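Taken together, the values in this text are just the output of simple stated rules run on the coordinates, not laboratory data. Predicted model, so just to flag it, every value in this text is computed and none were measured. So basically every Cβ, Gly included, is an ideal-geometry build from the backbone, and we count neighbours across all protein chains shown.
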Amino acid sequence: MSAGVGSDVEACAAGNDALRSTALLHAALARAARVRLSDVRRPLAAVDMQLMFSGVPGDAPRAQAEATGGGRSVCFCEAELQDAQGRTVARGMATFRYAEVGAPGKVDSEGGV
């Protein structure tokens, strides 16, 4: 995966906590969906998210995500979590829905409703 337009890289300092690794993947996926928009403050909600772990993240996991498709109202993203040696230890896929501009409802800063 290359970090280009519609992509994001997240890094974590310490810990092999599964919750931290999950949070890194989720944050990278949501930011990749936001980067794809011209208005990064537009409300965003996760419609579907799948995370698959194949190894132990270790002390310094790094998540990288990119938007792989979508349209004006939805975005499809993929992410990888790598350990300090650059080995992929988890992958994630998500579908996000963009709220219409001016639509009612609150969305938190992490993309949840």
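Pairs of Cα atoms under 8 Å, at least six residues apart: use those to get the relative contact order of the range 7-98, whole percent. Mind showing how you got there, number by number?
On the way: 222 pairs, mean separation 32.3, N = 92.
This gives 35 percent for the range 7-98.
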The FRET efficiency for residue 20 and residue 48, from their Cβ-Cβ distance with R0 = 25 Å and rounded to 0.05, is 0.70
Extend 7 Å from the Cα of residue 60 along its Cα-to-C-beta direction; within the range 15-46, residues with backbone N under 15 Å of that point are 15-16
Simple SL model, points at 7 angstrom along Cα→Cβ for residue 74 and residue 100; separation in nm is 1.8
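Please sort 41-54, 82-95 by packing, taking for each peptide the average over its residues of neighbouring beta carbons within 10 angstrom, highest first. Don't skip to the end; give the middle numbers.
Working: 41-54: 14.3, 82-95: 16.4.
Answer by packing, highest mean first, reads 82-95, 41-54.
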Ranking 73, 23, 45 by how far each Cα lies towards the positive end of the charge dipole of the range 7-98 (+1 on Lys and Arg Cβ, -1 on Asp and Glu Cβ), the top one is 73
